[in-house]
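Heads up, the thing below is written out as structure tokens.
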Amino acid sequence: MEKFYTCSCYFSDNIFLEEYKLHVRFVSERQFRTDYQNILRSLGCVSESQFRDVLGKIHAEIERRHNHKLKSAERAATIKEIYTPLHQHVYHLQESFLAPELLQLVKYCTSSTANVEGLMKLIQTEAAPRVFRFPMFQKEFCKDFIEELEHFEQSDAPKGRPNTMNNYGILLDELGFDESFITPLREVYLRPLTTLLYSDCGGSCLDSHKAFVVKYAMREDLDLSYHYDNAEITLNISLGKDFTEGNLFFGDMRQVPLSETECVEVEHHVTEGLLHRGQHMHGALPISSGTRWNLIIWMRASRERNKLCPMCGKRPTLVESDGFSDGFTMDPDDTSSTWSCSLT
């Protein structure tokens, strides 16, 4: 497998302050006070002790990011050693797991006559621009998959959470899904669609991913704040179970100010996937009852992100890492990029 890297902005940018629903950048305390102290005051962070509490949480998150790859590898090794799956079959992608409608879309996209106009007649579009919906999995697979996730949640195995915005969920590479499930799903079944739908933003050259599940439940996470993804293309699949409300909403691309954006609500049906550009701002409204599991796949194209990091908007400065990392690759003819060891 080609060597993948992380952009150094991973350690300083896009830190989510859950209490204030705010994404921030932290390079130094002086920079942070200049950029965010007035904003935080307007959001209720008015005392110095409250501000110090924010700084403590930021430093803890930065430390977590520096240690993430090592801790993730340790968790994956422990899981492999001590965890016994409930449904072993769900770890290996089978075509019988997939909805017939998806297979029809893939068949069309891989035909010699496939084009965007023909695909648009077969796929459902949403009011939000370039957001597409299609059946993804069979109900029986979703049921077995959720049972496996719940079995893992109830086990003593260590668990890494997906990101700073989701407190409940599972990193699927740690659980062993990457090689035998997510990678063939991306390469064989998803890339034919993204090649036609998103040829302008890396859809034809997706070469890595980050996959995780998120869980929404009463007295746990109920919703997801407005954000963009560290991805060229995102697939969000509703797995179940029984829940009410919790629709997604989409605004504009991240470059458009929120004041100039009109959000559109999009229903998310169980077994269906919603496909959208990673830089398309979006969020999830609160569920009002039940439990909801979603499978999220951030698909990445090194050819695109090597030019411009989607998180900091700059040419990436690379940091060596393991696995798919954040999807950047080293151009052997480019001597301007720098990277350092052990910042993982």
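The values are calculated or read from the model by the stated rules, or taken from the named source; none is laboratory data. In this text the structure is predicted, and so the values were computed from the model without any measurement. Every residue, glycine as well, gets a Cβ built from its backbone with ideal geometry; the counts of neighbours run over all protein chains shown. Heads up: the accessible areas ignore ligands, DNA and RNA and are worked out on the full protein's heavy atoms, side chains in. Shrake-Rupley method; radii C 1.70, N 1.55, O 1.52, S 1.80 Å.
Its residue count N sets the reference 2.2 N^0.38 Å, and the alpha-carbon radius of gyration of the chain equals 0.99 times that reference. Reported to the nearest whole Å, the Cα centre-to-centre distance from region 79-128 to region 281-334 is 21. Which listed residue (128, 76, 55) has the Cα farthest towards the positive end of the charge dipole for the chain, taking +1 on Lys and Arg C-beta and -1 on Asp and Glu C-beta about the Cα centre? The listed residue farthest towards the positive side: 55. Cα centroids of region 231-275 and region 142-159: 25 Å apart.
Calculate the dipole size of the chain relative to its Cα centre from +1 charges on Lys and Arg beta carbons and -1 charges on Asp and Glu beta carbons; express the result in debye to the nearest 20.
560 debye
Quick check: convex hull over the Cα atoms of region 73-145, volume per residue in Å³, rounded to an integer?
161 Å³
Computed over protein heavy atoms with a 1.4 Å probe, the accessible surface of the chain works out to 47 Å² per residue.
So if I place +1 on the C-beta of Lys and Arg and -1 on the C-beta of Asp and Glu, and nothing else carries charge, what would the dipole magnitude of region 171-329 be about its Cα centre? I want it in debye, nearest 20.
340 debye
Based on C-alpha pairs under 8 angstrom that are at least 6 apart in sequence, the chain has a relative contact order of 23 percent. The Cα-based radius of gyration of region 127-237, divided by its Kirkwood radius, gives an Rg/Rh of 0.96.
When the square roots of the Cα gyration tensor eigenvalues are ordered a ≥ b ≥ c, the ratio a/c for region 159-301 is 1.5 or more and a/b does not exceed b/c, which makes its shape oblate. Label-to-label distance for residue 115 and residue 95 is 2.8 nm, based on points extended 7 Å past Cα in the beta-carbon direction. Computed over the alpha-carbon atoms, region 231-304 gives an Rg to Rh ratio of 1.01, Rh here being the Kirkwood radius from the mean inverse distance.
Rg of the Cα atoms in region 1-107, relative to 2.2 N^0.38 Å, amounts to 1.64.
For residue 133, the solvent-accessible surface computed with a 1.4 Å probe is close to 10 Å², ligands and nucleic acids excluded.
Of the accessible area of region 277-321, computed with a 1.4 Å probe over protein heavy atoms only, carbon and sulfur atoms account for 55 percent.
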